[in-house]
Amino acid sequence: MSLKYPDQAISGTVTKQRTQKPKVMVLPLLKLGTLALKTLSKPIAARLKKEAGLHPKFRHLIISIAQANHRMTTTMQRRLYGHATDVGIRPLNEEKAVQAAVDLLGEFFVFSVAVAALAFEVQRSARSEAKKEELRRQEMEKLRQRDEALEKEMEGLKSKIQELEQLAREKGLAGMFNLRHPHVKEGKTATPA
């Protein structure tokens, strides 16, 4: 018994890792890319938070968003805990509302960056799959054409065989191969020397 690998004597079999191509580790790279995007988007979100507190119109808009979010989450929490939902909900003070809205806006920005990255990855993957499918289709087309060419060649060979069989039946085997001796004339036999 010959061993291909030195460790085969110990384990008795060759592992699949030796026969398969190494696969690219996509998942850790995707996680690393997502983490990098989140890290890069956090300073942008912090800048949005800072700007939100300075502009009065934007400040008013985010306060109303924060109050609406506060009413919605409080109502949902009351429903979950089985408390009355028709009770008036006290609005947040202005600073808490700004802080809540700015936090919500920052998280929304980070989330939208992550969604955009995911959409890009899905689209890239779909394009890659489409290319692979096109290559498979082309390969199948080549195989089909090769199959048709072989079939035509086989039909041609069958017809040649049939012609040869027909000639063999008509002339006999000696006539087909023209096995007459050149020095023998018809009607005379060759004399041995």
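Computed from the coordinates by the stated procedures, all read-outs in this text should not be read as laboratory data. Remember, predicted model here, so these are calculated numbers, not experimental data. Every residue, glycine as well, gets a Cβ built from its backbone with ideal geometry; the counts of neighbours run over all protein chains shown.
Mind ranking 134-145, 60-71 by how tightly packed they are, going by the mean number of other C-beta atoms within 10 angstrom, highest first?
Output ranking for 134-145, 60-71: 60-71, 134-145.
Alpha carbons only, please: Rg and Dmax for the range 34-146, in angstrom.
Over the range 34-146's Cα set, Rg and Dmax evaluate to 23.8, 79 Å.
Order the peptides 94-105, 152-163 from the highest to the lowest mean number of other Cβ atoms within 10 Å of their residues.
Output ranking for 94-105, 152-163: 94-105, 152-163.
Show me, for the range 153-160, the HN-Hα J-couplings you get by feeding each phi into the Karplus relation (A = 6.51, B = -1.76, C = 1.60, θ = phi - 60°), rounded to Hz, glycine and proline as x.
Rounded to whole hertz, the list is 4, 5, 5, x, 5, 4, 5, 5.
Show me, for the range 102-119, the HN-Hα J-couplings you get by feeding each phi into the Karplus relation (A = 6.51, B = -1.76, C = 1.60, θ = phi - 60°), rounded to Hz, glycine and proline as x.
Taking θ as phi minus 60°, the curve returns 5, 4, 4, 5, x, 5, 4, 5, 4, 5, 5, 5, 5, 5, 5, 5, 5, 4 Hz for the range 102-119.
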